[in-house]
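> Here's a structure for you.
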Amino acid sequence: MFGDDVNTDLIIPGRYLSKYDAAHLAEHAMEGLSSTFAKEVTRGDIIVAGRNFGCGSSREQAVIALKSAGVSAVVARSFARIFYRNAVNLGLPVLVSADAHAVFEDGDSAGADLGALALVSSDASKRAGIEAVPEHVAAILGSGGLVPHLRSRMEKDQ
């Protein structure tokens, strides 16, 4: 759980950008806000945040750090446009929810039910609506990102 205006320097501080290595970036994911996040995150975890997640610079390393650390999706009230696009391009699902931040607490176990357009707790006691993902964005995410999506389309055209 994170609040509003989480900028890319908080997601991956600039001092770690000298190495463009996914594992190195993952070791420092969210270090600007939590000294323990990278050690405690497990594959499949979902970040829930407030408004304007990913604001600041256009560094794609922020997405790489989260994805490489094991984050399976980010659910927020809103995203900075460039972060949203970088996430889609790199295959990290970014889901908009007006109320997930108010419904869930840090440590809750939940999963995204895209068919029901909801983030639902494991015991089904908590539920927050999520906005539908545009079809073209879903296609890119379903391929694992923009490059795999384009490769797939090009192979079909041949």
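> Within the stretch 70-113, how many residues turn out to be among the small types (Gly, Ala, Ser) and open to solvent by 20 Å² or more (accessible area, probe 1.4 Å)? Please lay out each step first, then the result.
Here is the first cut: in the stretch 70-113, the ones among the small types (Gly, Ala, Ser) are 70, 72-73, 76, 78, 80, 87, 91, 97-98, 100, 102, 107, 109-112.
Among the residues that remain, those that are also open to solvent by 20 Å² or more (accessible area, probe 1.4 Å) are: 72, 78, 98, 102, 107, 109-112.
Number of matching residues: 9.
> Consider only pairs whose beta carbons are under 8 Å apart and that are at least six residues apart or on different chains; among these, list those whose first residue lies in the stretch 138-158 and is closer than 15 Å to Arg85 by Cα and whose second residue is of a type in the set (Val, Ile, Thr) and not in a helix (DSSP H, G or I).
Final answer for the pair search is Leu141/Val133.
> For residues in the stretch 130-151 being open to solvent by less than 40 Å² (accessible area, probe 1.4 Å) and not in a loop (DSSP other than H, G, I, E, B), which is farthest from Asp99 (Cα to Cα)?
The selected residue is His149.
> Right, another one. Please tell me if Lys67 is part of a helix (DSSP H, G or I), free of Cβ contacts under 8 Å to residues at least 12 places away in the same chain and either of a type in the set (S, T, N, Q) or over 18 Å from Ala132 (Cα atoms) (or both).
Values: part of a helix (DSSP H, G or I): yes; free of Cβ contacts under 8 Å to residues at least 12 places away in the same chain: no; either of a type in the set (S, T, N, Q) or over 18 Å from Ala132 (Cα atoms) (or both): yes.
Taking the combined requirement at face value, the residue does not satisfy it.
> Can you pull out every residue in the stretch 53-75 that is at positive phi and in contact with a helix residue (DSSP H, G or I) (Cβ under 6 Å, 6 or more places away or on another chain)?
Gly54, Gly56
> Every residue in the stretch 15-47 that is within 17 Å of Ser57 (Cα to Cα), in contact (Cβ under 8 Å) with a residue 12 or more places away in the chain and in a helix (DSSP H, G or I), please.
Result: Tyr16, Leu25.
Residue by residue, here is whether (1) modelled with pLDDT of 95 or more; (2) touching a strand residue (DSSP E or B) at 6+ places or on another chain (Cβ under 7 Å); (3) more than 29 Å from Ser58 (Cβ to Cβ); (4) part of a loop (DSSP other than H, G, I, E, B) holds:
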| position | (1), (2), (3), (4) |
| --- | --- |
| Gly107 | no, no, yes, yes |
| Ala112 | no, yes, no, no |
| Ala116 | no, no, yes, yes |
| Ser125 | yes, no, yes, yes |
| Ala128 | yes, yes, no, no |
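> Now for a separate question. Can we say Arg127 is more than 18 Å from Arg51 (Cα to Cα) and open to solvent by 70 Å² or more (accessible area, probe 1.4 Å)? Quick ask: steps written out before the conclusion?
Values: more than 18 Å from Arg51 (Cα to Cα): yes; open to solvent by 70 Å² or more (accessible area, probe 1.4 Å): yes.
Yes, satisfied.
> Just checking, which of Gly14, Gly56 is at pLDDT below 95 and open to solvent by 50 Å² or more (accessible area, probe 1.4 Å)? Write out each step before concluding.
Numbers: Gly14 fails: open to solvent by 50 Å² or more (accessible area, probe 1.4 Å).
Checking each option against the conditions leaves just Gly56.
The values are calculated or read from the model by the stated rules, or taken from the named source; none is laboratory data. Bear in mind the structure is a predicted one, so any value in this text is a computation, not a measurement. When we count neighbours, we look across all protein chains shown, and the Cβ atoms used for this are built from the backbone with ideal geometry, even at glycine. SASA here: full protein model, heavy atoms, side chains in, ligands and nucleic acids out. Shrake-Rupley method; radii C 1.70, N 1.55, O 1.52, S 1.80 Å.
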